[in-house]
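For reference, the structure discussed in these notes is given below.
The values are calculated or read from the model by the stated rules, or taken from the named source; none is laboratory data. Being a predicted model, the structure only gives us computed values, none of them experimental. Cβ placement follows ideal geometry from the backbone for every residue including glycine, while neighbour counts extend to all protein chains displayed. Just so you know, the surface numbers come from the protein's heavy atoms only, side chains and all, with ligands and any DNA or RNA stripped out. Shrake-Rupley method; radii C 1.70, N 1.55, O 1.52, S 1.80 Å.
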Amino acid sequence: MLRSTEEVVASLREALTGVGVALPSLGVDPVTGAGEERFALVTLGRCNVRTAEKLASVLRGERPPVGAHAVDVRDGRIGEVMGHVGGNAQLRPLAGGREWDCPPESTGPAAQEEVLWARVRERNREARLP
């Protein structure tokens, strides 16, 4: 049995959310959804370039995906994944700065609390500078 377009859209939204991608305009196309068309079109909608890059990274199977926050388990540093080169994830410190290479197997997901703490530590460090 075929699922309704609304069910498929909900399933796609859930799957995308599970990999950290949000398409703000995802929905059922109002024109084909209101007509006699048996299969309405799905509107994937518009998104910013960071979301598009993250979606492409997820579809390529890159781990961790571009845009995700990750912990370099070798030394505990937290960074944002900026890309993948030569089999390594390129991480950038949350406060900006020089990227470093990290093998994907040496990365772990960064919890929201860890990301927040890293940002607070950096702000405190900046406030202490003369």
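Quick notes on this one:
- Signed unit charges on C-beta, dipole axis of the chain, positive-most listed residue V28, V42, G86: G86
- The mean accessible area for residues of the chain, using a 1.4 Å probe and ignoring ligands and nucleic acids, is 68 Å² per residue.
- The phi torsions of the range 6-12, fed into the Karplus equation with coefficients 6.51, -1.76 and 1.60 and a -60° offset, translate into couplings of 4, 5, 5, 4, 4, 5, 5 Hz, rounded to whole numbers, with Gly and Pro shown as x.
- Each of E122 and L41 was given a label point 7 Å from its Cα along the Cα-to-Cβ line. The distance between the two points is 4.1 nm.
- Between the amide H of T43 and those of G27, V28, D29, distances stay under 5 Å, these residues lying 5 or more places away or on another chain, with hydrogens modeled in the peptide plane.
- Each residue of the range 66-75 was assigned a 3J(HN,Hα) from its phi angle through the Karplus curve 6.51 cos²θ - 1.76 cosθ + 1.60 (θ = phi - 60°); the sequence is 4, x, 7, 8, 9, 9, 7, 5, 5, 9 Hz, with glycine and proline shown as x.
- Accessible area ranking (1.4 Å probe, heavy atoms, ligands and nucleic acids excluded), largest first, for C47, C102: C47, C102.
- In order through the range 118-130: 3J(HN,Hα) via Karplus (6.51 cos²θ - 1.76 cosθ + 1.60), integer Hz, x for Gly, Pro: 4, 5, 5, 4, 5, 4, 5, 4, 4, 5, 7, 5, x
- Here the range 9-60 is assigned +1 on the Cβ of each Lys and Arg and -1 on the Cβ of each Asp and Glu. Its dipole about the Cα centre then comes out at about 300 debye.
- Rounded percent of accessible protein surface that carbon and sulfur make up, the chain, 1.4 Å probe: 55
- Alpha carbon Rg of the range 21-130, scaled by the compact-globule rule 2.2 N^0.38 Å: 1.44
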